[in-house]
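The values are calculated or read from the model by the stated rules, or taken from the named source; none is laboratory data. Predicted, not measured: the structure shown is a model, and the values here were computed from it. Neighbour counts run over all protein chains shown; Cβ positions are idealised from the backbone, glycine included. Surface areas here come from the heavy atoms of the whole protein model, side chains and all, with no ligands, DNA or RNA. Shrake-Rupley method; radii C 1.70, N 1.55, O 1.52, S 1.80 Å.
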Amino acid sequence: MKADARRLAVHAPMIVLSLLAVFPVWWMVVTSLKPESEIFSTRLWPASPSLENYAYVLDAIPMIRILWNTFAMAAATALAQVLTGLCAAYALTRWRFRGSGVAQGLIALSWLVPFQLTMIPNYVLATKLGMLNTIAGLVIPNAAAAFAVLVLTNAMRSFPKDLIYAARMDGAGHFRILREVVVPNLRAPLASLGVLAFISAWNEYFWPLLLTRRVEDTVVQIGLQMFMTQEGNQWGAMMAAATLASLPILLLYLVLHRQIIDSFMRSGIR
């Protein structure tokens, strides 16, 4: 009995916190299924659930195109950050050169620079290069991230050096070592970093707002704003669009949740 009581005391706060975390998502889905007459009802489930809000969203804005733009932008950004971070981390941890500590310190300091300081110069450069209303314009300024470099540098420092020395003795070059030796043994940190970078890019708002002018070229965060007007917010439609926007993130986590949990358990990300 004492063991059961102790176990209940440990799990009860976790259950409460889990419910608090899940409830906003549940309320979002429930509100998206409510008709206009029940939007402000406090029911935990609508009396007459309907898909009218989803139909309205798909008819009011090109939601499928917007979701595809967001997915392509987020996937390309995450892939670019993982690749650049991997190469930079390999160079910082495996190559001995004068000033490596200074370089790593500058990379860490660049993480503290707010986006608002670089937003206008990036916009001017993107305009001159003709990258307005393009996915490339959304991706290239965010292709390298200090966070990715620091995370992978931390993970690569614990990587066995003997494996790299053995590969070098076998005549493997640096890119082959990265591809065939390092990457297979760093799948958990790479997967978790990829998910975090994907989510961060998916939630990006200010840069797409500045760079895109047409609704068919924008991303989902800008699409959600279209249901907020001076006359009032269309809560049902907004929650339906938010639910659609949350599905890719949920599917991504379901696919890679084992790697993410394993990475945190091994302290790949701190």
Theoretical ellipticity at 222 nm over the chain - DSSP helices of four or more residues, -39500 (n - 2.57) apiece, nearest 500: -22500 deg cm²/dmol
Signed unit charges on C-beta, dipole axis of the range 5-111, positive-most listed residue Pro49, Leu8, Leu86: Leu86
Normalised convex hull volume, the range 71-220, alpha-carbon set, Å³ per residue: 127 Å³
Pairwise centroid distance, computed over Cα atoms, of the range 106-128 with the range 21-59, Å: 39 Å
Helix axis angle, 146-157 relative to the chain longest principal axis, alpha carbon, degrees: 50 degrees
Given charges at beta-carbon only (K, R positive; D, E negative), |dipole| of the chain in Debye: 1340 debye
Within the accessible area of the range 192-232 (1.4 Å probe), percent carbon and sulfur: 56 percent
Computed over the chain: relative contact order in percent, which uses C-alpha pairs under 8 Å that are six or more apart: 31 percent
Computed Kirkwood radius, in angstrom, where 1/r is averaged over Cα pairs of the range 1-148: 20.8 Å
Largest-first ordering by accessible area, 1.4 Å probe, given options His174, His11: His11, His174
Rounded tilt (10° steps) of 235-265 against the dominant C-alpha axis of the chain: 30 degrees
Per residue solvent-accessible surface (Å²) - the range 6-129, probe of 1.4 Å: 67 Å²
Chymotrypsin sites (Phe, Trp or Tyr not before Pro) restricted to DSSP loop in the range 1-62 with at most 15 other C-beta within 10 Å: Phe40
Ranking by accessible area, most exposed first, for Lys34, Lys128, Lys161 with a 1.4 Å probe: Lys128, Lys161, Lys34
As computed over the range 52-91, the Cα convex hull volume per residue (Å³): 46 Å³
Debye equation applied to the C-alpha atoms of the range 142-204, log10 I(q)/I(0) at 0.11, 0.17 Å⁻¹: -0.31, -0.66
Per-selection Kirkwood Rh - the range 54-137 (Cα, Å, 1 d.p.): 16.3 Å
Over the range 10-63: Kirkwood hydrodynamic radius from C-alpha pairwise inverse distances, Å: 12.8 Å
Rh by Kirkwood over Cα pairs, then Stokes-Einstein D for the chain at 1.306 mPa s and 10 °C, µm²/s: 73 µm²/s
Crossing angle, helix 187-202 versus the chain [Cα axis fit, 0-90 degrees, rounded to tens]: 40 degrees
